[in-house]
Amino acid sequence: MSPPTPQTFAAHAAYASEALRHWGVGAEWLDGDGPADDPGLPIEARLRRRRQLGSLRILYHELSGRHDVEATGRALSSLARGCLDDALAEARARVTERFGELPGGPRLAILALGKLGGDEVNFNSDLDLVFVHDAQGESDGRRSLSARDWLTRVVRELTGLMESVTAQGRVWVVDTRLRPFGQSGALVWSVDAMEQYFVNEGRAWERYAWLKAGVAAGDVEIGQDLIERLSPFVFRRYLDYGLFDNLRELHAEIDRKSRREDLADDIKRGPGGIRELEFLIQSLQLLRGGRDPSLRVGGFLPALRAAADLRLLSVDETATLEAAYRFLRTLENCIQAATGRQTQRMPDAAEPLAAIAGWMGLANGRALQDRLEDVRRTVRRAFQARFETQPASPPATAAPWPPGEEVEQRLVALGFEAPEPAAAALRRLAERLGRRPLSAEARRRLDRLMPALFARIEDLPEPDAGFDDLLGLIETIAQRSAYLSLLHERPETLDRTVRVFRRTDRVARWVIDSPQLLDDLLDPVNGFELPEPPQMLIEDVESSLNALARFRQAGYVRTALGQLDGGLDRRAAGRQLTRLAEAVLDAVAQLTLTEADEVTMIGYGNLGAGELHYSSDLDLVFLHADGDPPRRGIQRLINALQLPLPGGRLYEVDTRLRPNGNAGLLVSSIDHFARYQDDEAWTWEHQALVRARAVYGDPTTIERFEAIRRQVLCRPRDPDATRAALAEMRERQRRQREESEIRRILGHLQFTAELGILLQAHRTPTLCQQRGLTGQLNALADCGWLDRELATTMIELQAEASALRDRDFLERGEPPPTPDRLIDAAEAVWTRVFGAG
């Protein structure tokens, strides 16, 4: 259907027709750009004219397709803030006239919560306001007032201007009940007193209320200061899984209210309505906003987009929720325009129903009702899927917690093969937790979790597997009882924890040492992709490095889980771990290098090849263009990378591959690097260049490095001398370090490929483009240096040996011996290329 004309819109909107008539304006005004304000009117009439006509034009522009419902919310919010500004100026003038001014000015901020705070005011929203100040002293009038009394009078004047009903109606309904202690609390609070209230008295529902806090009028600096002070109350530093208890209670309350018969036609509070939609996204904000600052936004749609960017919601779910929200909010505006009332109920009469349907591009009232039912069913399903959980089943055998005299017998009944050490571990856990100052809530959550844990493991083969690590996790998280709540409230979370801990002692230890990694272990939405790097704050290096450590740990956990679950093979895991290291290098450079520190970092070894392993060091060589070398900046960078942090160092750094090794300068000019490679470098140093790659730095220096590398690698070489030099270096490697069979296999393959690059690159320069082993072997087969069958054999050997290395690193238990056939095949390759002995 075609959009409404101003005349048809006004004819079917009771509020519109009455407002246009009252202010002597024709319907065509809605389609123009004439001002809604009339400065010649008294302030009371001026505010009402501005609000009524302005909101009508904004809504008409949405229905006629000039902007969408999100822009409508922003425009109506801007209109409300403009009215508040004018009302505040008038209120202040009236109080000043009677009582004088405060020293230093009123220093009053009007904070908006709810729709105005989220920049999403609808056609007939209330304005949820809180008033805070930082004023002191007394006013200077003939009758002086304290700052608090003076400001209270200003606020009462303002609210009277806004919501008193005159012949022209009211401006907006102002609701101040969200202030501390509600209607029984002071109308105006100092910033310090407000902060102390939330530290000592703040309740769970107030965290929801303050999610959308924003400065609406008055002193912006004071208002923003309070919002920043309250941020730790609203957004907890760690993932706030203790919120699940509060979510369940709030969910039950919303669900109970939505089922009332009198709310069946209410598109806000009824089933599948706007409130359920908002609760879905606000719960994600509260749960994760402490760790993900991008979630600290007001308004449903910005928060939905932030959650989608963090992959907390799937693409399909995001699109579905956004479409539902846009439909319901547009419908809400239309209902209020058609009825002239502050309501979210669908009208019963056919005429307004048909008008609303036409405004929304639907054929008739029946089509509107059908569409609404579809949307509400979709929202209801999403709401129930996220918040309705199955209670954990108790174990068939009584859980041995707290451990009593019969603990061994109960463990035997649960299938434990070694009940004595498991019983001893349980007793130690109970004893240690008994000495800790745990809260009553933490002990309650612990006692709920333990039977659920035994219920998960009683039917598993070898329930002993990983049991000590599971108890270690519980001991670690007991004082962060939010994590106990997470494991109990989400059975699928506990299942995954048990499954992962039974399979991998490596990931188990990472999580025990840093429990915040539970989020990366347990959240399937995150998948195996790397998280977003944290923002670096130059003014807070310590916090930035701690955030970077969590980022690196999360990257390791996600990559490991990707391998264990089969979502990532070894090559993909190596590339992902390399991207992780590069992101860390970039972030640490932001923290430690100044604009004057012109540095280019060259990654050697696995870093350069894009094949990092969990245990890999970072082999780095530092170059600069010219001038004084930035030694201090580079030393700061290396120190930061190797600084002991929660969860361990970011990376160990090895700089021994620089010119002249440990005897050489920490950082070389690019010219010195070129001369060294031409005149002094050993063959093994040219071999190291095969996998070298710039990972950070100045584009000009990087381009110069690449030219030097190509020139060196493409130099003709004596085959016998080169082969002998690499064989000698390989033998020296094996003498100087203990080498597992798997490492020996991979070393043989790597040296073979690098020999081929050194001998063949002068004929086939494109070989220099290959840094990874698989690409090198394929390229050497393409140019004929290796026959295809041998290259294929080597590629298969690398894949199998690398998979075995990762399995041995990640999985629980003693690694089995490396198969003889792999060892024999690697030795056969070596002999074929380098000769016997």
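At R0 = 60 Å, how high is the FRET efficiency between Arg675 and Ser144 if r is their beta carbon distance? Nearest 0.05 is fine.
Calculated transfer efficiency: 0.15.
Which translational diffusion coefficient, to the nearest whole µm²/s, is obtained for the range 689-837 from the Stokes-Einstein equation, given a Kirkwood hydrodynamic radius over C-alpha pairs, 25 °C and 0.890 mPa s?
148 µm²/s
Beyond 22 Å, what share of the Cα-Cα pairs of the range 578-696 is found? Please give it as a whole percent.
31 percent
When the Karplus curve 6.51 cos²θ - 1.76 cosθ + 1.60 is applied with θ = phi - 60°, which whole-Hz ³J(HN,Hα) does each residue of the range 209-221 get, with x for Gly and Pro?
4, 8, 4, 9, 5, x, 7, 9, 6, x, 7, 5, 4
Normalised by the residues of the chain, what does the relative contact order come to in percent, with Cα pairs under 8 Å and at least six apart?
Over the chain, the number comes to 8 percent.
Calculate what fraction, in whole %, of the accessible area of the chain sits on carbon and sulfur atoms when a 1.4 Å probe is rolled over the protein chains.
That share works out to 47 percent.
What dipole magnitude, in Debye to the nearest 20, does the chain give about its Cα centre under +1 on Lys/Arg Cβ and -1 on Asp/Glu Cβ?
1060 debye
Put Val315, Val541 in order of accessible area, largest first, 1.4 Å probe: what do you get?
In descending accessible area the options line up as Val315, Val541.
For the pair Glu462/Gln733, report the inter-label distance in nm, with labels modelled 7 Å from Cα in the Cβ direction.
Modelled inter-label distance: 3.3 nm.
Over the heavy atoms of Arg631, what accessible area does a 1.4 Å probe trace out, to the nearest 10 Å²?
Rounded to the nearest 10, that gives 120 Å².
Specify, per residue and in Å³, the volume enclosed by the convex hull of the alpha carbon atoms belonging to the range 22-80.
Hull volume normalised by residue count: 78 Å³.
Any idea which of Gln642, Leu438, Ala587 is furthest toward the positive side of the dipole for the chain, if Lys and Arg beta-carbons carry +1 and Asp and Glu beta-carbons -1?
Of the options given, the answer is Leu438.
Dividing the Cα convex hull volume of the range 541-620 by residue count, how many Å³ per residue is that?
So the per-residue Cα hull volume is 82 Å³.
Would you mind checking which residues have amide H under 5 Å from Asp619's amide H? H placed 1.01 Å from N; only 5 or more apart, or other chain.
Amide H neighbours of Asp619, under 5 Å, 5+ apart: Tyr604, Leu607, Asp654.
List the residues whose amide H sits under 5 Å from the amide H of Asp128, counting only those 5 or more places along or on another chain, with H placed 1.01 Å from N in the peptide plane.
Leu113, Lys115, Leu116, Asp175
Excluding ligands and nucleic acids, what accessible area in Å² is computed for Leu494 using a 1.4 Å probe, to the nearest 10?
10 Å²
Would you tally the net charge around Asn364, using a Cβ to Cβ cut-off of less than 12 Å, leaving Asn364 out, and scoring K and R as +1, D and E as -1?
Residues near Asn364 contribute 0 overall.
Using the crude model of +1 on Lys and Arg Cβ and -1 on Asp and Glu Cβ, and no other charge, please compute the dipole size for the range 783-822 relative to its Cα centre, in debye to 20.
With Lys and Arg at +1 and Asp and Glu at -1, about 60 debye.
Can you show me the helix-derived [θ] at 222 nm for the chain, built from DSSP H runs with n ≥ 4 at -39,500 (n - 2.57) apiece and divided by the number of residues, rounded to the nearest 500.
-19000 deg cm²/dmol
If you take the Cα atoms of the range 641-745, find Rg, then find the Kirkwood Rh from the mean of 1/r over all pairs, what is Rg/Rh? Please report the intermediate quantities before stating the final value.
On the way: Rg = 16.4 Å, Rh = 16.2 Å.
Across the range 641-745, the Cα-based Rg/Rh ratio is 1.01.
How far apart, in nm, are the 7 Å Cα→Cβ label points at Arg305 and His22?
3.5 nm
If you split all Cα-Cα distances of the range 684-754 into 10 Å bins from zero, what percentages do you get per bin, shortest first?
In whole percents, the pair-distance histogram is 16, 41, 28, 15, 0.
Can you work out the accessible area per residue across the chain, with the rest of the protein chains kept in place, probe 1.4 Å, in square angstrom?
Per-residue value: 43 Å².
Would you rank Trp684, Trp23 by solvent-accessible area, highest first, keeping every protein chain in place and using a 1.4 Å probe? Don't skip to the end; give the middle numbers.
On the way: Trp684 80, Trp23 40 Å².
The most accessible residue leads, giving Trp684, Trp23.
Return the distance in nm (one decimal) between the two label points of a simple spin-label model at Val220 and Thr343, each offset 7 Å from Cα along Cα→Cβ.
With each label point 7 Å from Cα toward Cβ, the separation is 4.0 nm.
Positive end of the charge dipole of the range 530-596 (Lys, Arg +1 and Asp, Glu -1 on Cβ, about the Cα centre): tell me which of Gln535, Leu577, Ala560 has its Cα farthest that way.
With unit charges placed on the Cβ atoms, the residue in question is Ala560.
Using a Förster distance of 45 angstrom, determine the FRET efficiency expected from the C-beta separation of Ala721 and Arg428, and round it to 0.05.
On the way: r = 63 Å, r/R0 = 1.40.
The value I calculate is 0.10.
How much accessible surface does Thr655 have with a 1.4 Å probe, in Å² rounded to 10?
For Thr655, the solvent-accessible surface is approximately 20 Å².
The list [x] 105, 75, 63; [y] 88, 64, 56; [z] 89, 69, 63 gives values of Cα extents along the principal axes in Å, and only one came from this structure; which label was calculated from it?
Recomputing Cα extents along the principal axes in Å here picks out [x].
Just the Cα atoms of the range 79-202, one point each, no solvent: what log10 I(q)/I(0) does Debye give at q = 0.10, 0.14, 0.16, 0.20 Å⁻¹?
Debye curve over Cα of the range 79-202, log10 I(q)/I(0) at q = 0.10, 0.14, 0.16, 0.20 Å⁻¹: -0.32, -0.63, -0.81, -1.18.
What order do Leu460, Leu689 take when sorted by accessible area (1.4 Å probe), most exposed first? Don't skip to the answer; put the middle values down first.
Values: Leu460 60, Leu689 0 Å².
The ordering from most to least exposed comes out as Leu460, Leu689.
Find which of Leu471, Ser17, Ala204 sits farthest along the positive direction of the dipole of the chain, computed with +1 on the beta-carbon of Lys and Arg, -1 on that of Asp and Glu, about the Cα centre.
Result: Ser17, furthest along the dipole toward the positive end.
Mean shadow of the range 56-137, computed from the convex hull of its alpha carbons, in nm²? Intermediate values should be presented prior to the final figure.
Working: hull surface 25.2 nm².
Average of the hull's projected areas for the range 56-137 equals 6.3 nm².
Tell me, what is a quarter of the convex hull surface for the C-alpha atoms of the range 148-215, in nm² with one decimal?
Across all orientations, the range 148-215 yields a mean hull projection of 5.6 nm².
Which FRET efficiency, nearest 0.05, do Glu405 and Arg436 yield, Cβ-Cβ r, R0 22 Å?
0.40
The values are calculated or read from the model by the stated rules, or taken from the named source; none is laboratory data. This structure is a prediction, so every number in the text was calculated from the model and none was measured. Please note: Cβ atoms are built from the backbone with ideal geometry, for glycine as well, and neighbour counts cover all protein chains shown. When the accessible area is computed, the model is the full protein with side chains, heavy atoms only, and any ligands, DNA or RNA have been set aside. Shrake-Rupley method; radii C 1.70, N 1.55, O 1.52, S 1.80 Å.
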